[in-house]
């Protein structure tokens, strides 16, 4: 098995992506420490170690569901029993896990960003806010989406299945399938493997992925250090997509090998045990 694909060193790509992920976690931790210090009227200790920001609440693995916009969200992203931090899984392992738990798929980007927009605008009830808050704990989560770059075109697949992690990359198996027809966007002049501001993409791209036009997104998504950005995969590579590089980001990214896992299913759908509610 070659270490190169479409002219790119796979080892370097994954090394660079992991370095970006760790740098992002450190940056978020530093900002959180500085914010807490300001709230207490003190300055953060210079040279203090930077640790990931993790929710202190330990929840059981099996959770209920929360209805929002026509789907039931898994209340909490998957954790190993007794562990606070979200478990990171490959896309195929995550999909198998959530289906076994009685869910249908990962959340689509419009579903996720619809909830996040409403949360930023204080439109969520207590139960929906619990999902919103959990999405902001450290580590981004998989979306029900895959990107494939072909030169100046981006082919987007909705609800992809049959992508398997093998030898350090995702491989399209004969069982590869998706919902509907692929959607194609022009991405001329946009580089791969870098973060590009969302406002530089077409109106149709923004509406498809975020459910609103750019000017209708909350200010926090449009401006400042947490503004929404997009990272495209390398040319010729098909890759599952996730949201967020850290705990307070609104990016979509087609480069990471593993992410946190949260399932959704149609509202009121019975789980594999024949009962409604928690799987």
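Observations, loosely collected:
- The listed peptides 99-112, 71-84, ordered by packing as a protection proxy, come out as 99-112, 71-84 (highest mean of other Cβ atoms within 10 Å first).
- Relative contact order %, region 52-266, counting alpha carbon pairs below 8 Å whose residues are six or more apart: 30
- Calculated FRET value between residue 219 and residue 126, using beta carbons and R₀ = 35 Å, to 0.05: 0.90
- Straightening the chain between residue 204 and residue 164 buys 11.5 nm, computed as 0.36 nm per residue apart minus the Cα-Cα spacing.
- The slack in the chain from residue 184 to residue 197, taken as 0.36 nm per residue of separation less the alpha-carbon distance, amounts to 2.8 nm.
- Solution diffusion estimate, µm²/s, Stokes-Einstein, region 52-266, Kirkwood Rh from C-alpha pairs, 37 °C, viscosity 0.692 mPa s: 189
- Cβ-Cβ FRET estimate between residue 133 and residue 267, R0 fixed at 22 Å, reported to 0.05: 0.60
- Cα centroid separation, region 161-218 to region 80-142 (Å): 19
No value in this document is a laboratory result; all are computed from the given coordinates. What you see is a predicted model; the values in this text were computed from it and never measured. As a convention, Cβ positions derive from the backbone with ideal geometry for all residues, glycine included, and neighbour counts pool all protein chains shown.
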